[in-house]
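Every number in this text was worked out from the coordinates using simple rules, so none of it is lab data. Fair warning: this is a prediction, and the values are worked out from it, not measured in the lab. No Cβ is skipped: glycine too gets one built from the backbone with ideal geometry, and neighbour counts run over all protein chains shown.
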Amino acid sequence: YTYPIPYEMSEKYDCRRYGAHGTSHAYLAKKGKEDFCSDIKNERIISCHIGSGSSLCAIKNGKCVATSMGLTPLGGVMMGTRTGDLDPSVMDYLCTCTGKNVDEMYDIFNKKSGFLGMSGVSNDTRDIEEAIEKGNKRAKLASDV
């Protein structure tokens, strides 16, 4: 749940992984127990919430032990319009290269990246699959990532 930053900073500023889609993951854990595991104390489930916002959750004995999302919904796996995890220096590098400020770059990372930004087609994977069938290389790249 924590980041590899100085412990005092993590505690003082509540800087940790909060995750997302908790209700979805809780439902999947319950359903997984019902369908596949009679004893919740011995269950191990990896649940996937896949949509425009996406997250993965490792569940052991009915409790989340790891999640792909971090402090904000920007972290984790690539999503419809969000980057997912990035090297922290990418923000500074792109601000320097483009002349954009941090707020503008956050807007790009949250609303114009992910499947949409990579493919140039859409944030909807159905549209991306259709573009791949038509030979769109950027759509293929987005799908491969």
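The distance between label points at T2 and D144 comes to 4.0 nm (points 7 Å beyond Cα on the Cα→Cβ vector).
For the chain, a Kirkwood radius taken over Cα pairs fed into Stokes-Einstein (4 °C, viscosity 1.567 mPa s) yields D = 76 µm²/s. Charge dipole of segment 55-145 (Cα centre as origin; +1 on each Lys and Arg Cβ, -1 on each Asp and Glu Cβ, all else neutral): 200 debye, rounded to the nearest 20. The phi-based Karplus calculation (6.51 cos²θ - 1.76 cosθ + 1.60; θ = phi - 60°) puts the 3J(HN,Hα) values of segment 113-127 at 10, x, 4, 4, x, 6, 7, x, 10, 5, 8, 9, 5, 5, 5 Hz, whole numbers, x for Gly and Pro. Pairs K31/K63; K112/K140; K12/K111; K30/K60; K31/K111; K111/K140: which are spaced more than 22 Å apart, C-alpha to C-alpha? Pairs exceeding the cut-off: K12/K111; K31/K111. Listed by chain and number, the aspartates and glutamates whose C-alpha is less than 14 Å from the C-alpha of K137, apart from same-chain residues fewer than 8 away, are D127, E129.
For T23 and I108, the difference between the fully extended length at 0.36 nm per residue and the C-alpha to C-alpha distance is 27.8 nm. Extension gain, R126 to Y13, is 36.7 nm, computed as 0.36 nm per intervening residue step minus the present C-alpha separation.
Each residue of segment 85-94 was assigned a 3J(HN,Hα) from its phi angle through the Karplus expression (A = 6.51, B = -1.76, C = 1.60, θ = phi - 60°), giving 4, 9, 4, x, 6, 4, 4, 4, 4, 6 Hz with x at Gly and Pro. Beyond 15 Å, the tail of the calculated P(r) for segment 78-145 holds 52 percent of the Cα pairs.
Excluding the site residues themselves, the longest part of the chain lacking any chymotrypsin sites (Phe, Trp or Tyr not before Pro) in a DSSP loop with at most 15 other Cβ atoms within 10 Å is 19-145.
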